[in-house]
Structures are given as structure tokens and as C-alpha cells.
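Shown next, in C-alpha cells, is the structure this report addresses.
The values are calculated or read from the model by the stated rules, or taken from the named source; none is laboratory data. Just so it is clear, the model here is predicted, and its values are computed rather than measured. Note that we place each Cβ from the backbone using ideal geometry, even for glycine, and neighbour counts take in every protein chain shown. Surface areas here come from the heavy atoms of the whole protein model, side chains and all, with no ligands, DNA or RNA. Shrake-Rupley method; radii C 1.70, N 1.55, O 1.52, S 1.80 Å.
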Amino acid sequence: MKTEAIKLKRPDMRRYLVPFNTGSVPQMFTDCLVIGSGIAGLRAAIEASDSCDVVVACKAELEESNTWNAQGGIASVLDSTDSFAEHIADTLKTGCGINDEEIVERVVKDGPELVTQLDKWGTEFDTHNGKIDITREGGHSHPRIAHAQGDCTGRAIAQALIRKIRQNEAITVVENFFAIDLITDDENNCLGIIGCSGTGTKQIVWAKTTILATGGAGRLYRETTNPNIATADGLAMAARAGAVLCDMEFMQFHPTTLYIAGASRALITETLRGEGAILLDINRQTFMKEYHPDAELAPRDIVSRAILSQMLKTGSTHVYLDIRHFDKAHFSKRFPLINELVESFDIDVSKDLVPVRPSAHYMVGGVKTNSSARTGINNLYACGEVASTGLHGANRLGSNSLLEGLVFGKVAGREAIANAAKKPSVMSLHKLKYEVPQSDRSRLDTADVLNSLRALMWRNVGITRSDQPLAEAQEIITFWQRYVLDKVFDSPGGWECQNMLTIACIMAKAAQGRTESRGVHFRKDFPEIDDKRFKTHIEFA
Ligand code: FAD
Ligand code: SIN
């Protein structure tokens, strides 16, 4: 039986970040606007282009996305000895009791056809004996991770989808276009967005349907695998427009990112552990068996906490990944990206251990959607990491995220077509005006605020949490909000800071509200799961 979600009040916020008058900004029209060029946005655009004209807008180049950086692969049942039932069971077990079972079944069952379609579209997954090769990751009871160009799976998928998008005359691509806010009317309809081009010109895009595919929020943390684009923009603009955010306390930390002081935290794929890599502590001792019977292949929240705990026990800043027993030639072919990365730091994997520690990786929560990718706002759909479909529950099984983006990208594109077809062929011009009162409060340096915010989130809203640090985080963020959210900025740096402060506070509040430990959310002061009170979601509305 489904338990009612716990509802928290969304903090009060200004409706739009910037003032505008639709009469005095350049305007563009489309049947379907897709914001984001990761797997979800690209797949949605291809689907919608069947019978709609589509605009794909992204804030950087098409290639800059979390998708492009994905390493391990995409999970799907591709082998006759595997089964949908087992993939479903693994996803539910990892999600700790709060997945939406219908969504899990749908995503798992749609997977093989859509992954095979990606292969036909040019992704060229790695093969073994003429079939797509599959490998293993933590939490999977069976090898089912399809990979391409070794550990460059995301890049191979994105390249294939981008080729299709570029060849498609129904799709217009607008790069370096920052979506600032969703525009809505008084009847809860999304009408499109106000955005800003790379040259600094504000523009309105009127759209019969809008698909939000803006990805995650990893850049909220000092230590993260995520590229610069992952600044929670879509989450924040959906919240300002009145959409429901769900499961915002669940930030997934990846156990193994390269730890070289001063360098950014590059991912060291979990498939390495899937293929036999071992974790050692600073004293060169194995430790994972002490934490979980599946050792290196336990779900990643358990591995991340085990690493943290072992770092504390041994007073060290990192642990090691041991891949010295791998065949060196095989390693460089199977993991070319990681090979290049470690070589650039003069690490010889046949002799040296690789220093690693956990980093923020994946936003499990997001904009609440139903099985048709609909949000609570009419004409607004969400898919990929920005959405909360219910697939992952309290923790995401490795490689289920590209799968979710693929499946729900297609769903969102299809639904957008059906919705756009119901609308008049000529779109009405809306006259809207929004003003922001001048604030005389002091200005803060947003770059400095962001550095401090990322350190605060790492410290107080990180892998392990407890009441007092979570309360302190909200107090500090609220202070910054007072001096940043009242201002009007005219470039992405300022808007990103406003978005990140908005979402950070919601995450800390959700984490404080869940006084139990479940999945990726671990409370030192409430270390047990509490099914009586919390076998449900926390929603902000
Ligand atoms: P993204 O791919 O993140 O794309 C977001 C898009 O939104 C970008 O185009 C961006 O420019 C655009 N955007 C954002 N804000 C704005 C704005 N304000 N205006 C305009 N555009 C905007 N998952 C797996 O399943 N398997 C893996 O092997 C795997 N490996 C990973 C490795 C790394 C290093 C990382 C970081 C993640 C990995 N993940 C993996 C997770 C997975 O890659 C992501 O969850 C998934 O790619 C998200 O896809 P998406 O389409 O939702 O968003
Ligand atoms: C990895 O390759 O370890 C990342 C896989 C994922 O995030 O699903």
C-alpha cells in the first residue's frame, strides 16, 4: 500500500529571477521546447520531431552534459540468462522500499528495445561474440551493463544522438542559451521560457509544450563528479513556477573518484570493481567484507559510507583502488579514459595503487512527474536526472540513470506531440510584464558565496548527516539568500548562484525532515530505517 507523501511548504521565493516585458524582448515560437542536451533531452527531441517542430536549447555546447561524461554504461536485460524480474528486484532492493513499482517495471521492460535502437543509431556498443557485451556493477545480481568505447559510454551515446539531431530538419538547436525561468500564466499553464543568449540578449521562447531535461545538481558540493553545467537550474526554475519537488534529501555519492589534492574529482568507474578491482585502506588492508557480504559489489551508498568510515578509522584522506592484477594491455583498451587520466598523474596501474574517495554524483530527487512524464504544471514535462519519476526510490542502482533518461525522454517526446496536436496551430501572443523592486541590501561576491556553499554542503549535508549541522546549513544558506536572491543579475553566474542557494536550502530541509536512514540518506542521529513514519516521500509544494 502506498503511504501519503509528507508535504513540506516550499520556501517563499520571487516568481522570476529577472524583470521582463514580453512586448520588448525578441520572441521565438515552437511546438516543443526541450531544455537540455543530455540523453533525456536529445531522446525527447528526436521523438517529438516525428510530428512537431522542436527547439533544443542548452546553456553550453550540445556536448557539455553529465551524459557525455558517463563511463560505466547503461543497464538493461540483454542476456537470456538474465531476466526482467531480476533487474526489477535489484532496482527495488537498492531503492529501499520507496520506488514506484509500476515505473520500475516499465523502465526495465522498455530498456532492451531502446538500448538496441541506440546501437542501430550508431552508438556501437562494445561486443563479445557478436552480441552487446555486458558487465557488472554494485547491486546488480547479474551482468547487465552495456558499454561503448570502453569507459566512454556516455560520449558514444551522446555522439550518436547529436548526429541524429543535427541531421533532423524539424529540430533547431540553440546552444549557449541559458534558460532563466519557465513562464506560466494564472491558470497553471507553462507557456515557454525567458532565457538569455550567449551574447547577453534576453529572449522569450513561446512553446506549446516544454520539456525540462536540465540534469542534476552535483555542483552544489565541493567534491563532485559532475561537470560545470550541473547547477540545479531546472530544479530551481520548476520550484519558482510552482512544480512539486520530491525526494530532495537523496543525493547519491559515488564511492570512487580520483583523489589528488588540488585536482578535480574525476570518476573512476564502478565497472572496475565489477571486473575485479579491490579497495584497500591506507594500510594496504582490504576492508569491504567488514561492511557488507557483497564487499566491493555492495550498493554504492554502502561502499561510500564504508570508505568514509575506514578513512576516519585510519586518519587518512583517501583509500586505494587496487588494479595491479589487471592485464595492463586489456586495461588500457577496456578503460581508455581512466588509463589516460591516471597516466596524466604518472600512476602506473600495474605497480601503483589509485587514491580514491567518494564525491557527490547523482541527484535522486527532482521535479515530480507521473508515468507520462507530466509535472503538475500543464504543458510542462520533465525527464532525466531533473525528474523524480519514482524509479530509484531512496538510492539509484548503477547505470539505471542513462536508462531512465532514455525511456522517459521518449515518453516525454511522445506526450509532447499528443499535447501540441490539441493546441491551435497559431500560438497566441501573451502580454506579460514582471518587475522586481530595487533592493538596497549589500551585495555579496557570488563566486565567494558559491565556494562557501559547496564546502558547507559537503560538510553539513554530505554522506552522513545529523540534526544540528543540517539546521546550521539552513541558517547559513538563508543568510546568503537574503543578500543574493533579492538582486537582479544579468549573466549565468548570478542566476546559477541564485538557483543553487534555492535548491541547497530545500535539500537541507528535506534531509532534516527525514529522521531515519534510508538509501543514500544516512542520519548519524537516526541510523535505522523507520518504515512506520518514513516509507514514503517528502515533497515540497
Ligand atoms: P545531462 O546529461 O546532465 O544534461 C543536462 C543538460 O541541461 C545540458 O545540456 C545542460 O547544458 C542543460 N542545462 C542545464 N541547465 C540549463 C539552463 N539553465 N539553461 C539551458 N540548458 C541547461 N549514469 C549511468 O546510468 N551510467 C553511467 O555510466 C554513468 N556514469 C556517470 C559518470 C559521470 C562522471 C557522471 C557525472 C554521471 C554519470 N551517470 C551515469 C549519471 C548520468 O550520466 C546522468 O544522470 C544522466 O546523463 C543525466 O542525463 P540528463 O539528460 O538528465 O542530463
Ligand atoms: C560509473 O561508471 O561508476 C558510474 C555509473 C553510474 O553512475 O551509474
The stretch 219-289 and the stretch 98-115: distance between their alpha carbon centers, rounded to Å: 24 Å
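Roughly how big is the stretch 104-216's charge dipole about its Cα centre, with Cβ charges of +1 (Lys, Arg) and -1 (Asp, Glu), in debye to the nearest 20?
Values: 12 positive and 15 negative charges, 67 e Å.
It works out to roughly 320 debye.
Only bridges whose two residues both fall in the chain count here: according to DSSP, what percent of them are antiparallel, nearest 5? If you can, show how the numbers build up before the last one.
Working: 41 of 68 bridges.
Just about 60 percent of them are antiparallel.
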Return the sequence-ordered ³J(HN,Hα) values of the stretch 150-156 in whole Hz as given by the Karplus equation 6.51 cos²θ - 1.76 cosθ + 1.60 applied to θ = phi - 60°, using x for Gly and Pro. x, 9, 10, 4, x, 5, 5
Quote the relative contact order of the stretch 394-541 in percent (integer), defining contacts as alpha-carbon pairs under 8 Å separated by 6+ residues. 25 percent
In whole Hz, what ³J(HN,Hα) sequence does the stretch 10-27 give by Karplus (6.51, -1.76, 1.60; θ = phi - 60°), x for Gly and Pro? 5, x, 4, 8, 5, 5, 10, 6, 10, x, 7, 9, 4, x, 10, 10, x, 10
Just flag the GluC sites (Glu not before Pro) in the stretch 112-203 sitting in loop per DSSP whose Cβ has no more than 12 other Cβ atoms within 10 Å. Glu169, Glu187
Under the 7 Å Cα-to-Cβ spin-label approximation, Asn451 and Phe479 lie apart by a distance in nanometres of 1.7 nm
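Only four residue types carry charge here, +1 at the Cβ of Lys and Arg and -1 at the Cβ of Asp and Glu. Report the dipole size of the chain about the Cα centre in Debye, rounded to the nearest 20. Walk me through the intermediate numbers first.
Working: 61 positive and 68 negative charges, 178 e Å.
It comes to approximately 860 debye.
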Degrees separating the helix 446-460 axis from the principal Cα axis of the chain, which is the longest one: 50 degrees
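Per 0.36 nm of contour for each residue apart, how much would the distance between Thr536 and His292 grow if the chain were fully extended, relative to their Cα-Cα spacing? Spell out each step's value before the answer.
Values: separation 244, 0.36 × 244 = 87.84 nm, distance 2.55 nm.
Additional length available on full extension: 85.3 nm.
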Is any residue of the stretch 256-298 close enough, with backbone N under 15 Å, to a label point placed 7 angstrom from the Cα of Arg324 along the Cα-Cβ axis, and if so, which? 277-286
With label points set 7 Å from each Cα along the Cα-to-Cβ direction at Glu86 and Thr199, the distance between them in nm comes to 5.7 nm
Amide H to amide H under 5 Å from Asp151: which residues, 5+ apart in sequence or cross-chain, H placed 1.01 Å off N in plane? Leu337
Extending each Cα 7 Å along its Cβ direction at Val488 and His128, get the distance between those two points in nm, one decimal. 6.0 nm
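Can you give me the accessible area per residue for the stretch 1-111, using a 1.4 Å probe, in Å²? Intermediate results must be reported in sequence, preceding the final value.
On the way: 4660 Å² over 111 residues.
That works out to 42 Å² for each residue.
What's the FRET efficiency of Arg166 with Lys9 using the Cβ-Cβ distance as r and R₀ = 45 Å, to the nearest 0.05?
Numbers: r = 44 Å, r/R0 = 0.98.
Step by step, r from the Cβ atoms, then E = 0.50.
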For the chain, what does the relative contact order come out to in percent, with C-alpha contacts under 8 Å and a separation of six or more? 24 percent
